[in-house]
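Let me begin by presenting the structure, written as structure tokens, before commenting on it.
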Amino acid sequence: MGGQMEYLAENLIYGIECSMSKFTKTEEELAKYILQRPDEVSQLTISQIAKNLHISPATITRFCQKLAFSGFNEFRHELKRFVDLQNTPISMKNIKQVDYFAKLYQDHLGIIDNTFRIATYDDIQKAVSFLTQADKIHVYGIGSSGIAAQEFKSKFFRIGLHVEAVTDTHQAMMDAALSNQNSVVIGISISGATKEVIRAVKIAKKQGSLILVFTGDKNSELSQLGDLSLLVTSKSSMHMGQNISPLLPLLLLFDLIYTELVAKDYKNRITIREKTLQVLADTD
């Protein structure tokens, strides 16, 4: 419950403002009184407030219950916390108590949650079998999907997979022309509509390559081309703000596949990883 309470304190005033439409005329007066002087109200008893505003204590209790508190005491406790938070120097605050960070935190949790909900174990196992059977893996992505492609390469290359990341359009097409039925080609596009990626994937499909797709749109053209299409939580489907990197859900999916791969072929992969890490350590 701890996290929820913290989140509440910062957003108590916002909560009252959002509930205005639920209030009666008298409750609305009370709300305005609290919004104008939270410090003062947090020091008063229910009967003092009732007297100041010429309303009954029962009205105050009802008001608190509409905000999902058991009664005035619980509400006042939360109001005190809000006032204390406002008076805390910002450097002392837990970052989750800053309302826009609290929102970002919830959005991040939402993405993690959604990713774990929409990825099926069956799909993750399939992706692993694609990768482990391939002689060569080609990953195509443009823009931020290109950064994801590079990340995919460095992650899986380290455990012994032969991965090439291609983020240049012309090169992707040439690379695709050199793929064959022992290749796996991975197309990354959140929209699923990136023309350059689609073009390269189509060429690779003609060559008989297995196609693995990461996209935010299950019905996109890119998705239709995939032998296996993994759904990426896209911000648009979750009403996320502009503050979230589109890479986050992709990296989560890569981690799921990586974890499954290593779990199923533990000894081999870890030995290879140790070797690659050792080489890096030696060159430092």
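The values are calculated or read from the model by the stated rules, or taken from the named source; none is laboratory data. None of these values were measured; they are calculated from a predicted model. Positions of Cβ are generated from backbone atoms using ideal geometry, with glycine treated the same way; all protein chains shown enter the neighbour counts. Side chains included, ligands, DNA and RNA excluded: accessible areas come from the protein's heavy atoms. Shrake-Rupley method; radii C 1.70, N 1.55, O 1.52, S 1.80 Å.
Condition check: open to solvent by 80 Å² or more (accessible area, probe 1.4 Å) and either under 20 Å from Ile13 (Cβ atoms) or not charged (D, E, K, R) (or both). Does Asn94 satisfy that? Criteria not met by Asn94. For region 125-148, which positions are surrounded by fewer than 21 Cβ atoms within 10 Å (Cβ to Cβ), more than 15 Å from Ile159 (Cα to Cα) and aliphatic (A, V, I, L, M)? Matches in region 125-148: Ile142, Ile147.
Within region 158-182, being in contact (Cβ under 8 Å) with a residue 40 or more places away in the chain and either among the aromatic types (Phe, Trp, Tyr) or in contact with a helix residue (DSSP H, G or I) (Cβ under 7 Å, 6 or more places away or on another chain) (or both) holds for Arg158, Ile159, Gly160, Ser179. Just for region 36-63: of the residues that are assigned to a loop (DSSP other than H, G, I, E, B) and under 14 Å from Asn73 (Cβ atoms), which one is least open to solvent (accessible area, probe 1.4 Å)? Ranking the candidates gives Ser42 first. Of the numbered criteria (1) under 22 Å from the mean Cα position of the chain (by Cα); (2) under 28 Å from Arg199 (Cα atoms), the one Gly110 fails is (2). Restricting region 14-35 to residues that are farther than 19 Å from Gln86 by Cβ and not charged (D, E, K, R) leaves a set whose member that is surrounded by the most Cβ atoms within 10 Å (Cβ to Cβ) is Leu30. Taking the criterion of being in contact with a Ser or Thr (Cβ under 9 Å, 6 or more places away or on another chain) and open to solvent by 30 Å² or more (accessible area, probe 1.4 Å), the residues of region 149-172 that qualify are Gln150, Phe157, Arg158, Gly160, Thr167. Does Lys66 satisfy the criteria of being open to solvent by 20 Å² or more (accessible area, probe 1.4 Å), within 19 Å of Ile13 (Cβ to Cβ), in contact (Cβ under 8 Å) with a residue 60 or more places away in the chain and of a type in the set (Lys, Arg)? Considered against the rule, which asks whether it is open to solvent by 20 Å² or more (accessible area, probe 1.4 Å), within 19 Å of Ile13 (Cβ to Cβ), in contact (Cβ under 8 Å) with a residue 60 or more places away in the chain and of a type in the set (Lys, Arg), Lys66 comes out as no. Pairs linking a residue in region 70-88 that is assigned to a loop (DSSP other than H, G, I, E, B) to a residue that is open to solvent by less than 20 Å² (accessible area, probe 1.4 Å), with Cβ atoms under 8 Å and 6 or more positions apart or on different chains, are Ser70/Cys64; Gly71/Cys64.
Here is a yes/no grid of residues against (1) under 23 Å from Glu221 (Cβ atoms); (2) at pLDDT 95 or above:
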| position | (1), (2) |
| --- | --- |
| Ser129 | no, no |
| Tyr140 | yes, yes |
| Gly143 | yes, no |
| Ala149 | yes, yes |
| Lys153 | no, yes |
| Thr169 | yes, no |
| Val184 | yes, yes |
| Gly187 | yes, yes |
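Of the helices (runs of 4 or more DSSP H) lying entirely inside region 99-164, the ones with 2 or more residues being closer than 30 Å to Leu178 by Cβ and touching a strand residue (DSSP E or B) at 6+ places or on another chain (Cβ under 9 Å) are found at 121-133, 144-157.
Working carefully through the options Asp282, Asp227, find the one that is modelled with pLDDT of 95 or more and open to solvent by 20 Å² or more (accessible area, probe 1.4 Å). Going through Asp282, Asp227 in turn, the sole match is Asp227.
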